1. Mind listing just one residue for me: the one in the range A:357-384 that is among the charged types (D, E, K, R) and without any contact (Cβ under 8 Å) to a residue 12 or more places away in the chain and, of those, surrounded by the most Cβ atoms within 10 Å (Cβ to Cβ)?
2. Residues A:53, A:69, A:82, A:44: which one is without any contact (Cβ under 8 Å) to a residue 24 or more places away in the chain and in contact with a strand residue (DSSP E or B) (Cβ under 7 Å, 6 or more places away or on another chain)?
3. Among the residues of the range B:1-17, which ones are in a loop (DSSP other than H, G, I, E, B), more than 9 Å from the ligand (Cβ to nearest atom) and modelled with pLDDT of 95 or more?
4. Of these, A:225, A:156, which one is closer than 30 Å to residue A:315 by Cα, out of contact with any strand residue (DSSP E or B) (no Cβ under 7 Å at 6 or more places or on another chain) and at pLDDT below 95?
5. Among the residues of the range B:71-85, how many are within 11 Å of chain A (Cβ to nearest Cβ), of a type in the set (S, T, N, Q) and more than 16 Å from the ligand (Cβ to nearest atom)?
6. Can you find even one residue in the range A:362-378 that is under 23 Å from residue A:69 (Cα atoms) and not assigned by TED's automatic domain parsing to the domain that holds residue A:268?
7. Of all residues in the range A:73-103, count the ones that are assigned to a loop (DSSP other than H, G, I, E, B) and over 17 Å from residue A:21 (Cβ atoms).
8. Among the residues of the range A:593-624 satisfying the criterion of being in a helix (DSSP H, G or I) and surrounded by 12 or more Cβ atoms within 10 Å (Cβ to Cβ), which is nearest to the chain's Cα centre (by Cα)?
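The values are calculated or read from the model by the stated rules, or taken from the named source; none is laboratory data. Keep in mind that what you see is a predicted model, and the values were worked out from it rather than measured. Cβ: placed from backbone, ideal geometry, glycine included. Neighbour counts: every protein chain shown.
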Amino acid sequence: MKSPLDSSRSQPYRLATGGRIDRAKPLTFTFNGKRLQGYQGDTVASALLANGVRLVGRSFKYHRPRGIVGSGPEEPNAILQVGRGALTTPNLQATEVELAEGLQAGSVNCWPSVEHDIGAINGLFSRFLPPGFYYKTFMWPSRMWKTYERFIRKAAGLGVSPKEPDPDRYDRMNTHCDVLVVGGGPAGLAAALEAGRAGARVILADERRELGGSLLDGRDEIDGAPALEWVNAASRELASMKEVRLLLRSTVFGYYDHNFLTVLQRLSTDSTSISRPLIKERVWRVRAKQVVLATGAIERPLVFPNNDRPGVMLASAVSAYVNRYAVAPGSRPLVFTNNDSAYRTVLDLAEAGIPVQAVVDVRPEPNGPLPSRVKDMGIPVIGGHVIVDVKGTKRVKGVEIMSVDASGERVEGRRRSIRCDLVAVSGGWNPTVHLHCQSGGGTRYDGEKGCFVPDAPAQEERSAGSSKGSFALGDCLGEGLEVGAEAARAAGFGDGRVSTPVPTVEDRAEEPLKAMWVAPSRRPPVREHKQFVDMQEDVTAGDIVLAAREGYDSMQLLNRYTTLGFGTDQGKLGNVNGMGVLANHLGADIESVGTITFRPPYTSVTFGAIAGREIGGLLDPVRKTAIHRWHIEHRAVMEDVGQWKRPWYYPQPGESMEDAVNRECMAARNAVALLDQSTLGKIDVQGPDAAEFLNRVYTNNWLKLGIGRARYGLMLSEDGMVMDDGVVIRHGEQHFYLTTTTGGAASVFSWLERWLQTEWPELEVYLTSVTERWSTIALVGPHSRKLLQDLDSDINFEKSSFPFMSIHSGSLAGFPVQVMRVSFSGELAFEINIESDLALAMWQALMKAGEEYDITPYGTEAMHVLRAEKGFIIVGQDTDGSMTPVDMGMGWLLSKDKDYLGKRSLSRSDCVRKDRKQLVGLLSTDGTTILPEGTQLVDDPSAGIPVPISGHVTSSYASACLGHPIALALVKAGRARKGSIIYAALRDGRHVKAEIVSPVFYDPQGERQRV
Amino acid sequence: MLLISCPWCGPREESEFSYGGEAHIVRPKDPDALSDLEWADYLFMRNNPSGRYLERWLHAAGCRRWFNAERDTVSYKIKSVYKISDPAPRGDE
Ligand SMILES: [Zn+2]
């Protein structure tokens, strides 16, 4: 017989004719450094098989040699590292990577090479890696994990991440549609056609590069012509419909609430192009009124000893390689099946001229139309037999078979050897119910079909065709049309009736399969040679039985214990067989052992696609003050405060941070300094009930605050804990101006809105966020008044007419301003509020006028030191959501004659406990140690574990003006402990002795700010 | 991701909203008259039913209005939305 193989020596297993490849476009690629050739239209997997490459990787745990098993997203073994440098991508399935010129691919998980792998020694010592190895290692003794981990991680690593930034771009698209059809096979095409004809806005998404689904892999006929002619006609009709969008190379990977689905579209398959950046992938976020799931089915392998040898493949994959890629995955194939569908593969092989050695069928007498046809061709069909062993290590050399006894559970008789280099296996089909399950739908076991089929939908969703368990082509087409029309009707289009007759198909009747989760063999599973259930995770039937014996006897437990289904393929091949093995062992129904949880993503999604454009500077908005440019020009070191950029300190040439901060602090204490305080939250509050409203949300009283006066205010959450603080100004009878902390600006605004809208709609109050409109410059220090008086102004800055905590509007150096006399430093200080577009000019005018006083700009670090010296707290640093105003020593701010948010909580038993933590000052007794913020405080440094904790340090700085470090801390019953000693427990094990003191270190009488 | 109908703006993505917990919890008029237990009940205790739930939402990245929604905590279906000032809709049972 003439060889069906291509005569070209470069691709010895390429069939001479056929396939959906472009033989005019040969492509060169490398695999593990070796140059190989394939064609446009190949996947890396089909090209490797065309070149006779059988060994493609090593298994995860035992490092057994592995070959290609599937032809799509189910592939467990052929996991590759593709591309180099910044473009390298780990863990791609060879079956999913389209071949491209110059593509570089390599095996992951083997070292130093796939042929000679050191980790294979694990295979010899596999009894040391029993199921639950990782689990047990984590559980006990946990301290040993560190020792194991180093060794295991290195041995088990799946690929490497790129070290450089990804030069490509990833996009995101949000869209809506009436009907989203998932899957472009016969059922999906039919559904999209009907929905489109009804006028619905349709999106049809398919993971492959062309439509047709399973029809691309087979040799079916529709309406008496090759099925692909029907596919072409359907594609043309869909392309002509304006409201239909076709997404190819697009995997629907997530199905979330309210019919929200995510689709990963692969736009560029070119890993070598030099024209960068290009848009590599796009995530479509689709909100669909109706969803049609036509996701097909994935063939189930059979489980038998050494079923993982390179050359054992799914029968459907063999058909796909022969028909779609014109590749013979072997030259002497043997087929092992429990059902009729694998006989189509026999016919495909025979049609391609590849001599099938035999069909081994579990069923005693396979006599359906398909087996009969095969027998008629003279191909031996051996009924009632199973494979009991596979010969060959790096590629299949033959099988041993035995007959199954009457019970169907044991083998008997003599072993018989058959030579072959390819074993095509079929254990039936698993409908691809992943998306149905992600959407909240359940499954039920269909005993006749031997598979789990979707149960009632939980969302606006319909399954059709193989994904529903209807495997015959005619049923796929018929159901697709029906479901497409129904989905359109449900979305408001058409009457739900199918507009065209179902195309005619010659479906050969198939006899029932004989469900078999693990083939009977000579020894019980735990002693049998490796019968692999999950190849990627190296889980065998024996592992599952062992786990069940140890008590992990439901799927949820078993998955975690054995890691069944935990690989990047998420157990697409192994899960159902695993359930079956467990059910067999327990003597239970497969349905009763639990369910498999399907989680997004259906297939792997790159981090790039998830991040999209939200990277680098687009990750989060950057907020800059109106004076930002000046800070940069004057070499300020900037600090991130939430989204804001703030000057941290302004180092002069040669200065350290400590030098700069000390200089800035001393300037504020002894001369004049200025701070850009524009990031404070600012809220304009107006309306007839404004005062009453503030009275309810602040702890102190606002009704009697005079116009033009300011007051410090404290807000509590309803549980009595300090939430925010700031100065409030009264501009008019019905007009207030609130400041909040920088970090609390948005949350305080929301908090005020919430109470107004939900609880007190009777109050007429209007809130406006004016944070960006107004800039704030704090002018601080003993010379600040003189400096202002030097400027041209209609404001009298003398103490008599401008007392502490008052406000004046007017003109300053020609700018309209509002000046507030408040102080967050304890010094004489004025806060100048000015419209933001004038702020930079105002700042510059102050700098110029201040030259003669040696004016000094200062940053957030000096601001912190100055306020800590005065014992002024920062909400969120010195408080943590569990501190009451009484704890913080601010009881004087609590009004007794009105209600306010949080008031009632302050008298709860827990809030009046005597041992609550309280704000205190701390001085390290050596006078030099700066206690690290966050350090735990203990009373007895020699106490045994668990050490009783008495408090912790919240703020800590070196104080230049005091000449020693200071700290603020929260200490249990701390106010009554002034003068006593406490110990700060440092990370290195040392204890630093500290004295508990008043939190006000500087100017305790507060005289300086009132001068 | 839920699709939530703001009573003022219409259907919008969940990411535009923030959640406000159980609806129809009225702040006591005279908190000082309550025992610790009664105050704690207002402050901390919330229903957590499997099924119908009346809850508050804020259209934070939209009109910034609070409203109430009637949602099933099992199916996540939102049966109705209504204004804060509207009475609670009657349940089916
Ligand atoms: Zn709205």
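1. Step one: of the range A:357-384, the residues among the charged types (D, E, K, R) are A:361, A:363, A:365, A:373, A:375-376.
Okay, now just the ones that are also without any contact (Cβ under 8 Å) to a residue 12 or more places away in the chain, so A:375-376.
Values: A:375: 15, A:376: 8.
Among those residues, the one meeting the criterion is A:375.
2. A:53 is the lone residue from the list that is without any contact (Cβ under 8 Å) to a residue 24 or more places away in the chain and in contact with a strand residue (DSSP E or B) (Cβ under 7 Å, 6 or more places away or on another chain).
3. Our first condition is that a residue be in a loop (DSSP other than H, G, I, E, B); within the range B:1-17, this holds for B:1-2, B:7-9, B:17.
This time we only want the ones that are more than 9 Å from the ligand (Cβ to nearest atom), so: B:1-2.
If the condition is that a residue be in a loop (DSSP other than H, G, I, E, B), more than 9 Å from the ligand (Cβ to nearest atom) and modelled with pLDDT of 95 or more, then B:2 is the only one that fits.
4. A:156
5. Residues flagged as within 11 Å of chain A (Cβ to nearest Cβ), of a type in the set (S, T, N, Q) and more than 16 Å from the ligand (Cβ to nearest atom) within the range B:71-85 amount to 1.
6. As a first pass, look at the range A:362-378 and keep what is under 23 Å from residue A:69 (Cα atoms): A:362.
Imposing the further condition that a residue be not assigned by TED's automatic domain parsing to the domain that holds residue A:268 reduces the set to A:362.
Looking through the range A:362-378, at least one residue is under 23 Å from residue A:69 (Cα atoms) and not assigned by TED's automatic domain parsing to the domain that holds residue A:268.
7. 10
8. So the first thing to find is which residues in the range A:593-624 are in a helix (DSSP H, G or I), and the list is A:593, A:607-611, A:616-618.
Remaining after also requiring surrounded by 12 or more Cβ atoms within 10 Å (Cβ to Cβ): A:593, A:608-611.
Numbers: A:593: 30, A:608: 11, A:609: 10, A:610: 7, A:611: 9 Å.
Among them, the one singled out is A:610.
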